[in-house]
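Here is the structure we will look at.
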């Protein structure tokens, strides 16, 4: 049997043997193509000689937050959701033996679909299909939040109470351990949120990074799989809706600080339409949503500052600030946006 050469993050021979034992009808040799890398979990497309495809997920080569890269946890969540009406990729198996690939990994079936991250991908859809994609995105989120966590075996995935308080403590700790400068807006928003926490809207699955480009969308505009469950936990569902508002760009927005400008294309629903649709689908009171939007911006400021600090420290092979000034300006944009939504600015 010919074995293809190793790619970074994959020990081809051992992983191929794992596939032979766990993936039905696999026909080696296998090829591994990196789909997504960086500070998140690494994602590879795996193809056998018959053209059958899978997806393999493993932690990043240089781990940052170990708890965010728990392969067993992510595999467990997707497996638990498989029988529900939440669209996820079918799982094939989990490998916790680090002798196989140097780190745990799991494998799921490959699902065809579009990842609508850039405008040129969104332009492959008609305006009607874009509207369908936005509506499907919200309807799918409402279904995630409607899952009975105890019934599917996820009731112990995390603490159910005090979600925002715990998140504020976690990310403020990250901010203070990685900040490269004083940024009063981050401290002001943190202190205001701690002092004015809204009552929690029940305890549901919280995806933690729910946005259009973390889903696979069919050409017709239906969400066919929700991806990237690595920071999923239990808590306040409005945190997902608030973060979706952060990532969603309306046509009149300044796109310079936004992460999903594709949604400004004609046809996509605007933010208010998404909020109204979620409220109708979930039956939840969304009157406190600006607090959750502010929290979403604030959390992103803390996360991106950590990325910026690692770049400054040379972890990416260079410490030239000019090469990653965009991260610094993004942090400032997110912090000021959080202040604005709390009307502190």
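On C-alpha positions alone, give me the angle between the axis of helix 71-81 and the longest principal axis of the chain, in degrees, nearest 10. Helix 71-81 and the main axis of the chain meet at about 80 degrees. Name the residue, out of 334, 292, 106, whose mean-square fluctuation peaks in a Gaussian network model built on the chain with Cα pairs under 10 Å. Comparing 334, 292, 106 in a Gaussian network model of the chain, the most mobile one is 106.
For the chain, the relative contact order works out to 16 percent when only alpha carbon pairs closer than 8 Å and six or more residues apart are counted. Measure nothing fancy, just the Cα-based angle from helix 184-195's long axis to the longest principal axis of the chain, in degrees from 0 to 90, nearest 10. Its long axis makes an angle of about 80 degrees. Would you kindly state how much longer the chain becomes between residue 159 and residue 250 on full extension, computed as 0.36 nm times their sequence separation minus their alpha carbon distance, in nm to one decimal? Contour length minus the Cα-Cα distance gives 29.3 nm. The slack between residue 121 and residue 276, meaning 0.36 nm per residue of separation minus the straight C-alpha distance, is 53.2 nm.
Given springs between every Cα pair under 10 Å in a Gaussian network model of the chain, which of 269, 321, 290 has the largest fluctuation? With Cα springs under 10 Å in the chain, the top fluctuation among 269, 321, 290 is at 321. Helix content alone sets the calculated 222 nm mean residue ellipticity of the chain: runs of n ≥ 4 DSSP H residues at -39500 (n - 2.57) each, divided across all residues, give -13000 deg cm²/dmol. Shown here is the pair-distance distribution of region 12-109: with all Cα-Cα distances grouped in 10 Å bins from zero up to the longest one, the shares run 16, 49, 32, 4 percent. Counting other Cβ atoms within 10 Å as a rough exposure proxy, the listed residues 22, 207, 145 run 22, 145, 207 from fewest neighbours to most. Among 57, 340, 159, 76, the ranking by other beta carbons within 10 Å of each residue's beta carbon, starting with the fewest, stands as 159, 340, 76, 57.
Along the Cα-to-Cβ line of residue 176, 7 Å from the Cα, sits a label point; which residues in region 330-345 have backbone N less than 20 Å from it? Once the point is set 7 Å along Cα→Cβ of residue 176, 335 turn out to lie under 20 Å by backbone N, inside region 330-345.
Percent of C-alpha pairs per 5 Å bin in region 119-341, short distances first: 1, 7, 14, 18, 18, 17, 13, 8, 4, 1, 0. The modelled label-to-label distance for the pair residue 151/residue 61, using points 7 Å beyond Cα in the direction of Cβ, is 4.5 nm.
Nearest 10 degrees is fine. How inclined is helix 163-178 to the longest principal axis of the chain, computing both from alpha carbons? Helix 163-178 sits roughly 80 degrees off the main axis of the chain. GNM on the chain, C-alpha springs below 10 Å: top fluctuator among 226, 121, 55? Checking each option, the largest mean-square fluctuation is seen for 121. As a calculated quantity, the FRET efficiency between residue 195 and residue 285 at R0 = 30 Å, using C-beta atoms, amounts to about 0.90. Projecting label points 7 angstrom from Cα along Cα→Cβ for residue 53 and residue 8 puts them 2.3 nm apart.
Each value in this text was obtained by applying a stated rule to the coordinates, not by laboratory testing. Note that the structure is a prediction, hence the values are computed from the model and not measured. With ideal geometry, Cβ positions are generated from the backbone for all residues, glycine too; neighbour counts draw on all protein chains shown.
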